[in-house]
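Visitor: I'd like to ask you about the structure that follows.
Nothing in this text is a laboratory measurement; each read-out follows from the coordinates by a stated rule. Values in this document were obtained by computation on a predicted structure and should not be read as measured data. Every residue, glycine as well, gets a Cβ built from its backbone with ideal geometry; the counts of neighbours run over all protein chains shown.
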């Protein structure tokens with residue numbers, strides 16, 4: 001038997017993913033997103049699906065699947081809209097001691 005509380009939990013978690021996906025599609029900016037966090041959440045949803053499939057299959061399994069799909073879409077959008085060179089994680093200091101974004105090696109002047 002499906003737990004109504006499990007369904008409510010998954011619905012509440014599931015509300016955030018369409019909002020995040022829509023924002024990424026609209027702005028094409030993924031600053032502040034964590035691919036590590038998304039991967040952990042995705043593994044959690046897959047674990048829930050496996051548990052439901054092996055031990056307690058019920059309609060709530062669909063919610064796990066929908067959430068996993070949305071996390072996967074958000075994860076793909078993260079890498080699609082990640083600025084070139086941002087994945088390297090290199091942060092340079094300018095001559096005045098300010099921390100800046102990764103440099104493309106070109107000097108302004």
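Visitor: If N is the number of residues in segment 4-84, what value comes out of its Cα radius of gyration divided by 2.2 N^0.38 Å?
Guide: In units of the 2.2 N^0.38 Å rule of thumb, it is 1.17.
Visitor: Packing-wise, with mean Cβ within 10 Å as the measure, how do 10-19, 43-52 rank, highest first?
Guide: Packing proxy ranking, top to bottom: 43-52, 10-19.
Visitor: Here's another thing I want to ask about it. Would you list 42, 5 from fewest to most Cβ contacts within 10 Å?
Guide: Starting with the residue having the fewest Cβ neighbours, the order is 5, 42.
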